[in-house]
Amino acid sequence: MSRISDLQKNLFGGTTSNARQFGMISTLVAIVLLFQIWTDGLTLTSGNLIAVVSQYSYILILAIGMLMVIVAGHIDLSVGSVAAFTGIVVAKAMQEYDLPWPLGIALGLLVGAAIGAWQGFWVAYIGVPAFIVTLAGMLLFRGGNQYIGNADTVPVPEGFRKIGAGFLPEVGPDTGYNNLTLLLGVAACAGVLWREWTARRTRREMKADLAPLWVTGIRLAVMFGVIVFATLRFAGGRIGTSLPISGIILIVLVLAYSHYTRNTIGGRHIYAVGGNARAAELSGVKLKRVNFLVMMNMSVLAALAGMIFVARSSASGPQDGLSWELDAIAAVFIGGAAVSGGLGTVSGSIVGGLVMALLNNGLQLEGVGSDMVQIIKGLVLLLAVAFDVYNKSQGRFSIIGALTRPFRRDDPAAPAPPAAPNSDADKARIAG
């Protein structure tokens, strides 16, 4: 029985960061296997996995920025319009002014930063609620997209398309797989092993409890299995395809923002502001600066997502970005963020985004119409979160609760009972 409890504590929902990561991966694997059965084996084919990453990477990028906005206690309804506006500005600049595509990417990021600074100024320094500011931005930049593009599509050059429709190139000997993707898989396994070793070493130096070695071995074996399986799938696609460039961008962003939100002072300030803005300000956190940077960062990531989508579509159009903000918000809440702010993780939001992506992909593989896809996605989102909230209220296992456990405040300790009087003086004082 002790081995089972060790497994549950250290492998599923334990308190260490590694255990949380494993819990997220295993949850995602369970969802993938469910759709694998429903679609008769189509979900886990190389072509479909590559298509999922290529088609939904921009939503996952938006989810990273939206997480920080929601954790800080705000919401951003303008991300789809910002993405569309940036896309048309960059496309027009490259078409009409022969702007080289690398400079086009830089221009797009600057446009996103300028929009984010504009919206962040109103939120942080004027005090207008982010909901109102970004609602106005949604209308403003959607109209700007149609005005600049004359409600028409604008193509982009071949070089620019690589960030949305490109793949890792074929290099080295013919192994039957994409060698660069294989190397990334090896690097991922090495990174997991190094992180596990350093975590155990740190806990040993701190004289903290260590997970049994056999539990660590099982965890590593499962994680290695997932990484190897995914690597072989992405590396074994048809000739000319592999891990998409947009997937590489997404991985880099996930690693960078996970480190920032978990291990830096700036990241912890975001959680502090979302948890209790007044207390954070009294503690020395620069509230206005945090809110400004969070909104600005969201628009920069929206601009990047918009350029990736335009690159994949080969052109910018007036319908780009429609309802993207809803998908990003859904991904963040499914991934464990709290509506009131202060809770959530980057990895959880990526899991939430993949759940929505795989749900959409699986329904399309089954031939479900787009109208029913929207209905089912809405019902699944509502029921999944409602069921999880119910489980938490009943003290049962909760996926979202497990994902957010590291960021919850401890329950206030019960007041200690008054000490029994132990002297005649004490008794007299209480009686009097």
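The values are calculated or read from the model by the stated rules, or taken from the named source; none is laboratory data. Owing to the predicted nature of the structure, the values given are computational and were not obtained by experimental measurement. Positions of Cβ are generated from backbone atoms using ideal geometry, with glycine treated the same way; all protein chains shown enter the neighbour counts. Please note that ligands, DNA and RNA were not included when accessible areas were found on the heavy atoms of the full protein model with its side chains. Shrake-Rupley method; radii C 1.70, N 1.55, O 1.52, S 1.80 Å.
Just a few scattered comments:
- Taken as a whole, the structure places R262 among residues that are modelled with pLDDT under 90, under 30 Å from I105 (Cβ atoms) and part of a helix (DSSP H, G or I).
- I239 surrounded by fewer than 21 Cβ atoms within 10 Å (Cβ to Cβ), part of a loop (DSSP other than H, G, I, E, B) and not charged (D, E, K, R): yes
- Residue-level analysis places V290 among those that are within 18 Å of G65 (Cβ to Cβ), part of a helix (DSSP H, G or I) and over 17 Å from the mean Cα position of the chain (by Cα).
- Restricted to the range 73-92, and to residues there that are part of a loop (DSSP other than H, G, I, E, B) and open to solvent by 10 Å² or more (accessible area, probe 1.4 Å), the residue that is farthest from E325 (Cα to Cα) is G73.
- In the range 340-355, the qualifying residues are those that are more than 8 Å from the chain's Cα centre (by Cα) and open to solvent by less than 20 Å² (accessible area, probe 1.4 Å), and the one that is nearest to S54 (Cα to Cα) is G344.
- Single match in I329, I308, I376 (criterion: in contact with a Leu (Cβ under 7 Å, 6 or more places away or on another chain) and on the phi < 0 side of the Ramachandran plot): I376
- Selection count, the range 226-236, where residues are more than 18 Å from W194 (Cβ to Cβ) and either in a helix (DSSP H, G or I) or under 19 Å from the mean Cα position of the chain (by Cα) (or both): 6
- V252 being of a type in the set (V, I, T), out of contact with any Pro (no Cβ under 6 Å at 6 or more places or on another chain), outside any helix (DSSP H, G or I) and open to solvent by 10 Å² or more (accessible area, probe 1.4 Å): no
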